[in-house]
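The values are calculated or read from the model by the stated rules, or taken from the named source; none is laboratory data. Remember, predicted model here, so these are calculated numbers, not experimental data. Cβ atoms come from the backbone with ideal geometry, glycine included; neighbour counts cover every protein chain shown. Only protein heavy atoms, including side chains, enter the accessible area calculation; ligands, DNA and RNA are left aside. Shrake-Rupley method; radii C 1.70, N 1.55, O 1.52, S 1.80 Å.
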Amino acid sequence: MAGVASCLLLSSSLGAQLTTISTSPSLFLSPCCILFLPGTMEEVTKVTPLLLERRARQRQPTVSVLKSKLKQGVTCSGPRVRSTLTGFFPVVRWLPKYKLREYVWGDLMSGVIVGIILVPQAIAYCLLAGVEPIYGLYTSFYANIIYFLMGTSRHVSVGIFSLMSLMVGQVVDKEMFLAGFDLNEDSGPDAFNATLGINLTAGKLHSVELMGLQCGKECYSITIAAALTFLAGVYQLIMAVFRLGFVSVYLSSPMLDGFATGASFTILTVQAKYLLGLKIPRHQGYGTVVVTWINIFANIHKTNLCDLITSAISISVLVAGKEIQERYKERLKIPLPTELIVVAGATLASHFGELNSNYGSSVSGHIPTGFIAPQVPSFSLMPRLALDAIPLAVISFAFTVSLSEMFAKKNGYTVRPNQEMLAISFCNIIPSFFRCFTTSAALAKTMVKDSTGCQTQVSSLISALVVLLVVLYFAPFFYALQKCVLACIIIVSLRGALRKFKDIPAKWRASRNDGIVWLVTMSATALISVELGLLVGIVFSMICIIFKTQNPKVSLLGRANDTNLYEDMDEYKNLMPPPRVHVFRFQAPLYYANKDSFLRSLYKAVGVEPFLELTKRRKAEKKAKEMSSKQAKANGDKNNGEVVIGLIQRELDFHTMVLDCSAIPFIDSTGMATFKGLVKEYKEIGVSTLFANCNTSVIDTLQKGQFFGENDKDMSSLLFHTVHAAVLHANSTSAESKSEDSVV
């Protein structure tokens, strides 16, 4: 035993005998160790206290916990009411502390700039949503006001978003098609006068009865969008009330990036017909991208040259403005209002050139001024829209919460995710009564606010005032604005998302799993549909995680020189496996789905499968018994067979197996049963199984399942705090058993 350190786990029967050497004041022993150094056991003089002792935790009864929470929830007092109101309307907290001289210039500047950008985008995104341009202005106005009152982020810009508009437009077109409206129509009756009493099919005016009134094409489209928006807001409100924000954790970053890129490609495809001046309906069903491009090329001979030339000029100016903005962003104090310049120039050219009457170019048409009276969303449509609103609700709040947290971290403050969900839910519920469609936080406008000195949500109030001026006074001036110009604004705004294609090689090198998730989600979104693309992305991301837990990295560990450090022998050099001990590490939770993978990898790593080893031994024993019986009959010796049988027992190259559980975060009942079976099966072939580095969650599960026997009597001989302690215990136990055998 000289020069060999051995370590035994503390047991109740030996607890009083634990000792340590008093010659070195800096020597601390493991709570589970007896240290044997050169010399005799008489050198051991001092009892070592336990260094790690579990705290006794007393769980309160569930009934009392519920009672206390209920009492706390229904308690009403002045401070509690004040806290609830200020929590619901954060503006009450920060507005009285507003530093006018410090903040007002940045907020005013960013609010005006975002408002100027917002106006042409609000009109343009109505093409995606399938509604009249005025509703985009309404949506932008109400969303900014409500988020100003309820939002906790200082920089997020909430309003119309291209992805939300696309998803709304797909639902609107589907319901319009089912209602019998002709989607080939370039224009129809005005939304405010759409109560004509005539039905139209095959090119005639068509209307449906809704809430006791005849509703035409534009009236029906915004009614669908408002009902859909109301439902999405209600879903978000439910998620906020029940604190279901954890749903967003299943939307991984690669999945969201792939979804946004696929949706951007769909938006580009849907808008391409306006660039060429083609009057083809939006495809209903799956494969929108493929079918739309087929229709475009089939009708390309009908291209309107006026729209094509206008589109080329508009895209050139917009892209040039964006490139100048990016190249000289450090010198430019404010973003270039390229969209507003293009809209103003194109509107003037279309008006004075009479492009609509002379060349048949599609224009926005009359945009009325003022607001309309609030109207309850159509509840009769909601059963048909219930499923369609779910992806809208999830994507809307996911983008809003992620953007608010991202910019809060960047600017050094905190946001409340649950309040963000409440804010975005009311940004959808309340505006739905005013004929608005679904909103979300928009990355591009949020970045503009951040870069132009925004300090608080007062900037959103300024942006809403800019939109208000347009709604009240300037909306009719956009009558001659060509739809192809609006399509150009939408397409150029997708540059950031479409540039993600360049990141594919980098994503693949960083993580193949993330790269595959991105490609699958993007492909499904672009080639099948936006809604199914989202579902496919979520399911595929979860399948990838499950696959990784079912096929995790496993390794045999070796010791680094004379230290207590054990690491993967395949990954590090100069590691020595402990003699006649296998140390196995499994880097995943052990549960019902991967227990077979765990056993297969363990058997392969140690080279011995207990069942097969037992079968071999039994066969060898049976064969030896038959041979010894024949020999005994031949020699007349009755004891020779027993001696032969004892000699044929095969000795393995290891006597102990240590499972390093440091990378196992949790186990379930199936995992515990797997551990039980493992200990039993290897014990039958003379191999001990020890466990090291188990976290408290794993230990608690094992204790609840009586893995260590009654009152955890076997815990001291099975469980160790470190791999090294387990290895020392294994060698010490093996040495003792050999000495006992030799004495016998």
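Data table
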| read-out | value |
| --- | --- |
| Calculated P(r) of the stretch 425-553 - Cα pairs past 26 Å, % | 49 percent |
| Protection proxy ranking of 134-146, 470-482, 620-632 - average other beta-carbon atoms within 10 Å, highest first | 134-146, 470-482, 620-632 |
| Sparse-neighbour loop sites [chymotrypsin sites (Phe, Trp or Tyr not before Pro); the stretch 372-443; at most 11 other C-beta within 10 Å; DSSP] | PHE379 |
| All Cα pairs of the stretch 341-429, percent lying beyond 21 Å | 63 percent |
| Cβ-placed point charges (K, R +1; D, E -1), dipole of the stretch 537-600 about Cα centre in debye, nearest 20 | 160 debye |
| Three-way shape label, the stretch 238-343, alpha-carbon gyration tensor, a/c 1.5 | oblate |
| Lys/Arg +1, Asp/Glu -1 at C-beta; the chain dipole; positive extreme among ALA225, ALA730, ALA524 | ALA730 |
| Protection proxy ranking, peptides 53-66, 660-673, average beta carbon neighbours within 10 Å, highest first | 660-673, 53-66 |
| Probe 1.4 Å, accessible area per residue of the chain, Å² | 51 Å² |
| Helix axis angle, 162-178 relative to the chain longest principal axis, alpha carbon, degrees | 70 degrees |
| When the convex hull of its Cα atoms is projected in every direction, mean area for the stretch 516-566 (nm²) | 5.0 nm² |
| Dipole magnitude (debye, nearest 20) for the stretch 263-359, charges at Cβ of Lys, Arg, Asp, Glu | 160 debye |
| Protection-proxy order for peptides 511-522, 216-227, 606-617, each taking the mean of Cβ atoms within 10 Å per residue, highest first | 216-227, 511-522, 606-617 |
| Over the chain: Kirkwood hydrodynamic radius from C-alpha pairwise inverse distances, Å | 31.6 Å |
| Residue-wise HN-Hα coupling along the stretch 316-325, computed from phi with Karplus coefficients 6.51, -1.76, 1.60 (Hz; x: Gly, Pro) | 4, 5, 5, 5, 4, x, 5, 5, 4, 4 |
| Distance between the stretch 549-600 and the stretch 271-308 - C-alpha centres, whole angstrom | 59 Å |
| Listed residues PHE148, ALA320, PRO133: farthest to the positive end of the dipole of the chain (Cβ charges) | PHE148 |
| Carbon + sulfur, % of accessible area of the stretch 108-169 - ligands and nucleic acids excluded, 1.4 Å | 72 percent |
| Cα convex hull volume per residue for the stretch 103-161 (Å³) | 76 Å³ |
| Label-point separation in nm, ASP503 to LEU612, each point 7 Å along Cα→Cβ | 4.7 nm |
| Antiparallel content of DSSP bridges confined to the chain, in %, to 5 | 55 percent |
| Value of [θ]222 nm, deg cm²/dmol, for the chain, DSSP H segments ≥ 4, -39500 (n - 2.57) each, nearest 500 | -18000 deg cm²/dmol |
| Exceeding the 32 Å Cα-Cα cut-off - candidates LYS553/LYS625; LYS217/LYS273; LYS553/LYS616; LYS619/LYS704; LYS625/LYS680; LYS97/LYS449 | LYS553/LYS625; LYS619/LYS704 |
